[in-house]
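A short worksheet on the structure shown next.
The values are calculated or read from the model by the stated rules, or taken from the named source; none is laboratory data. Please read all numbers here as calculations on a predicted model, not as lab measurements. Neighbour counts run over all protein chains shown; Cβ positions are idealised from the backbone, glycine included.
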Amino acid sequence: MKHMLATKQYLCLILVLIFAFSALVAQEDPLTRKVTFNADDATLSSVLNALSRLSGTNIVLAVEQTGDADKENEKRVTINIKEVPIETAVSLVARTTGLSYRIVAGNTFVVGPKQNIMEEVGERSNVLYLNNLDATKVAASLEDAGGRIVPVEGQNAIMVYANQETFEQIRSLVEGMDTAQDQIEIRVRLIEVNLSNAKEVGIDWSRLNHLTTIIAEDPIGANGQGLPFNYTDDTGYLPHGDLLEFEMLPENQYFQKIDGFNDIGHFSRQLTAFDITIDWLLENNAAKLLTDTRVTALNGEEAILHIGEVIPFVVMDNEKQVQVEREEVGIMLAVTPTVNKDGNITAKIAPEVSSITELVGGYVP
């Protein structure tokens, strides 16, 4: 009894593993299944047939054959691949034979000339409305996606002429692209800079139009050496006297005992300080603010700012036909910002400040 119970448990475990493996295989993308295959000078149809059986996918060869002669002249392939995804294997076979392929319904390959495999069967028309992208740009970007795509004038929409399967693929692509775009606001200051320099360097000699000094009598030391007043040692050779304000008389003065006339007449003067003013005027890069504004642009789109006027003028061609042309002058700025993956912004900026300085012939700027 215990042996039978253990056998039942093993069988249940094996069944669970089988079901889990089946579920894993079912979830696997059929286009990523790997195949190993060798063929030497085999026909194209036999190679595709073998790849279909090995991968469990459907492969359709869409080439025109009218009889046995075409079968004998069928393209031949020599291939040796190991553990290669089935889509890569089909791509290699198709390219070596000068053909292309198309995937239908997720697990079917249609191999043949590009013109044949892109022809639509069961074509119908559908309209896709856009929220963020321009219809003309979307139609141009999906030109090779299959079917026929035409922008709808007056509405931000595209008309898709394709079968239902191709339409679903195109709609999936459009939904992935039609997302809200970043908007960048840039504050723009256009400053006109004058590169000429104005320099004025010199001395104001008017501050030296008078010279005043203070003369004070020196005391005499015991050795007969004259000393400056308010001296601090007996040498008399200190480099300074009393620190008084310039051109100011001292409030106190020493008295010297007179011993004959030889003690009279020894003088020292206050050192002269020169009051000089140096004019140093430098005017470099004088700037003038022309405009201070903000420009908002979509990511990757150009925004143009024009502050000025449009000047019409008359020109004459070689056939003496008169035409009116226009020239924009003033302050112009073209900005194309791009938001990078790391969040930084790269911008292409083209500023221009223009004006009409002369008319050629009196009427052409």
Query raised in the report: In the stretch 264-365, which strands (runs of 3 or more DSSP E) lie fully inside it and hold 2 or more residues that are at pLDDT below 80?
Result: 267-269, 277-283, 286-298, 303-316
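Answer with yes or no whether Gln164 is at pLDDT below 85 and within 29 Å of Leu298 (Cα to Cα).
no
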**Report entry** Count of the stretch 130-150 residues which are free of Cβ contacts under 8 Å to residues at least 24 places away in the same chain, within 15 Å of Met177 (Cα to Cα) and not in a helix (DSSP H, G or I)
**Finding:** 2
Query raised in the report: Which ones in the stretch 90-105 are free of Cβ contacts under 8 Å to residues at least 24 places away in the same chain and of a type outside the set (Phe, Trp, Tyr)?
Result: Ser91, Leu92, Ala94, Arg95, Thr96, Gly98, Ser100
Query - Given (1) of a type outside the set (Asp, Glu); (2) over 17 Å from Ser172 (Cβ atoms); (3) crowded, with 16+ Cβ neighbours inside 10 Å, index of the condition Ile158 fails - result: (2)
**Report entry** Residues satisfying the stated conditions in the stretch 151-188, i.e. assigned to a strand (DSSP E or B) and under 18 Å from Val127 (Cβ atoms)
**Finding:** Pro151, Val152, Ala157, Ile158, Met159, Val160, Tyr161, Ala162
